[in-house]
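The values are calculated or read from the model by the stated rules, or taken from the named source; none is laboratory data. What you are looking at is a predicted structure, and each value in this text was computed from that prediction instead of being measured. Cβ placement follows ideal geometry from the backbone for every residue including glycine, while neighbour counts extend to all protein chains displayed. Heads up: the accessible areas ignore ligands, DNA and RNA and are worked out on the full protein's heavy atoms, side chains in. Shrake-Rupley method; radii C 1.70, N 1.55, O 1.52, S 1.80 Å.
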Amino acid sequence: MGTRLAGRRIFAWLMALAPIGLAAADAGPLEQTGAPESSTAPLNAKLNALRGAIWNLYDWSSATGRDDRGRTIADDLRQYVLTATTMANLRSLCRATDAQRGIDCDAAAPEQRSQAQQILSEEQERFDFIYYYWWDWWTVANHRRLWQRILDRTEPAQLNTPKPLVEMNAQQEALSHTFASQMDPPKLDKEALKTAFEALIAEYNQNRVALAGAIGAAQTRRPLTGRDRIRPCPAQAPRTSGKPTPKLIKSVSPAELYPVTERKSEIEGKVTVLLHIDEAGCMRRAEVQQDSGSDGLNEAALDGSELVEYLPAEKDGHAVASRVKLQWIFRLE
């Protein structure tokens, strides 16, 4: 529950960033590249937009906590973006408007304005690099939390995983230090860092799904979780399946059910659900038989199980209640 609430707080701050093009509510960070800005573009607006984005990202800092370096977003912003030295350089190039922070770069001479433009572009690049790093770090941190929850509730005999969790955690720690090494002096390679994070996310998904599958196969007692139907039943099926098993006649795509937090965190998984179908073809109860390793995906599978429809099973020419397994595969395309 804590992970999901933290996710909701973070997305609220991301929505605040969206108007200036730094994030999209449905797709995470966006590329900032495009047509080069004219040297005569309003520099004051660019400076103020960057300041606003920094303040919004400061707020995100309270939700993400500290990374593997023991630092927060606020620490990185204070050290690397619009520092006192940078602002002093801008004041020397631009016209001061008050004794505190006010400067008017648009009123500067062309040569000074061009230099100020270069400084602001570099500051924007550093800000973007910090943003992308923390987005990916937080995504991986969510995967780590999921793993830890699985380990906390799993017997040691079931922990034969393809790759030890400690090794993947060490990879994330290494990426944190790679980020730091590229910031000072600046050698920003956003694509390389992002590619490395994406590979690590894929490993977490693959190994978590394998572990959850192994635990599900070893599950011989009661289901992991389940619930009775909440929605009203659909209209009674017009006929039976003609077989001892029910027949699926209406389904729903897992993509339509994908929880927002899990989609944002790039969490994939498979959920096997045991459905109890009555003699009218209505699913009366759904029970998770194989865990995805994510409560959010498990709940989505239970929700989706209320939307499917079946022709009921048949025995001796009559419709009968039955049970059937249904697998939900949540995969990001």
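Near the amide H of Ala107, under 5 Å away, which other amide H atoms are found, from residues 5 or more places off or on another chain, if H is placed in the peptide plane?
Arg95
For Tyr310, enumerate residues with amide H under 5 Å from its amide H, sequence gap 5+ or separate chain, H modeled in the peptide plane.
Counting only residues 5 or more places away or on other chains, the set is Ile249.
Could you calculate, for the stretch 212-333, the ratio of the Cα radius of gyration to the Kirkwood radius, expressed as Rg to Rh?
So for the stretch 212-333, dividing Rg by the Kirkwood Rh gives 1.00.
For a quick protection proxy, order the peptides 106-117, 272-283, 72-83 by their average other-Cβ count within 10 Å, most packed first.
Descending packing order for the listed peptides: 272-283, 72-83, 106-117.
Applying the Karplus parametrisation 6.51 cos²θ - 1.76 cosθ + 1.60 with θ = phi - 60° to the phi angles of the stretch 174-190, what ³J(HN,Hα) value in whole Hz is obtained for each residue in order, glycine and proline being reported as x?
Result, rounded to whole Hz: 4, 5, 4, 6, 4, 4, 4, 5, 8, 7, 8, x, x, 9, 6, 10, 4.
Along each principal axis of its Cα atoms, how long is the stretch 226-273 end to end? Whole angstroms, biggest number first, please.
Taking the Cα atoms of the stretch 226-273, the three principal extents are 43, 23, 20 Å.
When all protein chains stay in place, what accessible area (Å², nearest 10, 1.4 Å probe) is found for Lys194?
Using a 1.4 Å probe on the heavy atoms, I get roughly 50 Å².
Amide H neighbours of Arg323 under 5 Å, at least 5 residues apart or on other chains, H built in the peptide plane: list them.
Ile277
If packing is taken as the average number of other Cβ atoms within 10 Å across a peptide's residues, how do 260-268, 293-301, 118-126 rank, most packed first?
Values: 260-268: 21.0, 293-301: 23.3, 118-126: 17.4.
So the order, starting with the most tightly packed, is 293-301, 260-268, 118-126.
Determine the alpha carbon to alpha carbon distance for each of Lys190/Lys270; Lys194/Lys325; Lys194/Lys270 and list only those over 27 Å.
Going by Cα-Cα distance, Lys190/Lys270; Lys194/Lys325 fall outside the 27 Å limit.
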